[in-house]
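The values are calculated or read from the model by the stated rules, or taken from the named source; none is laboratory data. All values reported here derive from a predicted model rather than from experimental measurement. When we count neighbours, we look across all protein chains shown, and the Cβ atoms used for this are built from the backbone with ideal geometry, even at glycine.
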Amino acid sequence: MDLTQRQERILSELKLHGSLSATDFADRMGISAMTVRRDLGELAERGMLRRVHGGAVPVDEPQRPERADVTASGHRPPPRSSAGPVPVANEPLFTFGFVVPDPGYYFPAIVDGAVERVQSLGGRLVLGISDYDAGRERFQVQRLIDRGVDGLLVTSATNEEFETFGMLIDSPVPVVVVERSLDDAIHAGALDLVRTDHAAGAVVAIRLFAELGHTHVGMVTFATPTMPHLRTGFDRAVRGLGLACGAEAVAQIDHRRGIREQSTAYLERAVAAGVTAVFVHSDRYAVEFVEAALAMGLSIPGDLSVVAYDDEVAALAAVPLTAVSPPKRDVGWAAVGMLFDRVSTTPERALTSRHLTLRPNLVSRRSTASPRS
């Protein structure tokens, strides 16, 4: 551990356990007690902790014990100890579980952000994969609880997994829902939540079309948990900007049928109706959408501007696609921070439930331009 990592670990232990023993910390980290005391002195001078006999306690909770070997009660993870014949160096302070639907698309960046934040706090992340199966999702949640995780991050298979949400409300450990909406879950508002504001992302895309001079826009999507939010933002932007969008300009593609054929049929209708710009979700589908458009002889962006949503593979399309990019790493980072706050809070200072939404960014590439006059 370098100086910064060591001091971040000290502050994490204080927040989790309410006190820190210099000798015990030194034994577990495999460093000298003098090094720990020097770190404590520097952090105390910066007003980040309060020195007490044998170690330190947080500065913002003077009611805590004046000895560093006494710990507070509550739902916090139990303090790690160096007791035993061989101390375990760098043992995780806590373990969080994370249940995600798909380890291969969209979620890897969220998991990366979560891992980065967990490690910076001195913990460990354990992953569970649901494969968008609600029963397997609940199995993974229970498995992680049974393994003794200190907190849970969960991305449900859909926004309507009410049985899962009920299970999370009754969880014996704190929970943060990640990248899902709880708007339709009657009792799930008690859960903490971090997600992307997908409706705002759709507004970003349609505003770009309007700024480029497009007046007739369209939208084509797969059916995903994200799609209803995108449609809400799309409709809001079309109305607010006074754009044209007939029924022929909006479609949902059935992934179980011929995707190229459905895309071609949509393009024929939309272009004939005067559509010059299309918002496409997801960008994995947008790659196929562009191929269908080019096969019809359409020029992108000459005849048709395209903005994709997700920005996972948009840059790899035949025409690199302008895309709305959700802040995936930031979602993972923020979710872990919220869960850590919950785990490290005593019952006397209980927090109200918190819902945090993060806005996506626009990444400009070669698929958007002003319409031909």
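What the table below lists for this structure:
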item	result
Pairs, first in the same structural domain as Gly122 (by TED's automatic domain parsing) and polar (S, T, N, Q) in the range 1-13, second at pLDDT 80 or above and assigned to a helix (DSSP H, G or I), C-beta under 8 Å, six or more apart	none
Residue within the range 190-205 that is crowded, with 21+ Cβ neighbours inside 10 Å, touching a helix residue (DSSP H, G or I) at 6+ places or on another chain (Cβ under 7 Å), modelled with pLDDT under 95 and part of a strand (DSSP E or B) present	yes
Any chance Arg76 is out of contact with any Leu (no Cβ under 7 Å at 6 or more places or on another chain), surrounded by 18 or more Cβ atoms within 10 Å (Cβ to Cβ), outside any strand (DSSP E or B) and at pLDDT below 85	no
Odd one out for Tyr309 among (1) touching a helix residue (DSSP H, G or I) at 6+ places or on another chain (Cβ under 7 Å); (2) over 16 Å from Phe209 (Cβ atoms)	(2)
Boolean, Arg37 is in a strand (DSSP E or B), at pLDDT 85 or above and not hydrophobic (A, V, I, L, M, F, W, C)	no
Residues located in the range 282-302, provided they are part of a helix (DSSP H, G or I) and of a type in the set (Val, Ile, Thr)	Val287, Val290
Failed item, numbered, when Glu160 is tested on (1) surrounded by 14 or more Cβ atoms within 10 Å (Cβ to Cβ); (2) in contact with a strand residue (DSSP E or B) (Cβ under 9 Å, 6 or more places away or on another chain)	(2)
Hits in the range 303-326 - residues which are more than 18 Å from Leu230 (Cβ to Cβ) and part of a loop (DSSP other than H, G, I, E, B)	Asp303, Leu304, Ala317, Ala318, Val319, Pro320
Among (1) outside any helix (DSSP H, G or I); (2) closer than 23 Å to Ser325 by Cα - the single one Ala109 does not satisfy	(1)
Pairs, first modelled with pLDDT of 90 or more in the range 352-364, second assigned to a loop (DSSP other than H, G, I, E, B), C-beta under 6 Å, six or more apart	Thr357/Asp197; Leu358/Pro327; Arg359/Asp197; Pro360/Pro326; Val363/Asp311
Conditions (1) without any contact (Cβ under 8 Å) to a residue 12 or more places away in the chain; (2) buried (at least 19 other Cβ atoms within 10 Å of the Cβ): number failed by Phe139	(2)
Test: residue in the range 232-255 that is in contact with a helix residue (DSSP H, G or I) (Cβ under 6 Å, 6 or more places away or on another chain), farther than 25 Å from Phe162 by Cβ, polar (S, T, N, Q) and modelled with pLDDT of 95 or more	no
The range 206-218 - residue that is in contact with a helix residue (DSSP H, G or I) (Cβ under 8 Å, 6 or more places away or on another chain) and assigned to a helix (DSSP H, G or I) and, of those, surrounded by the most Cβ atoms within 10 Å (Cβ to Cβ)	Ile206
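Residues checked against (1) over 35 Å from the mean Cα position of the chain (by Cα); (2) over 23 Å from Val173 (Cα atoms); (3) of a type outside the set (Lys, Arg); (4) at pLDDT below 85:
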{"position": "Gly18", "(1), (2), (3), (4)": "no, no, yes, yes"}
{"position": "Val52", "(1), (2), (3), (4)": "yes, yes, yes, yes"}
{"position": "Val59", "(1), (2), (3), (4)": "no, yes, yes, yes"}
{"position": "Thr71", "(1), (2), (3), (4)": "no, no, yes, yes"}
{"position": "Thr95", "(1), (2), (3), (4)": "no, no, yes, no"}
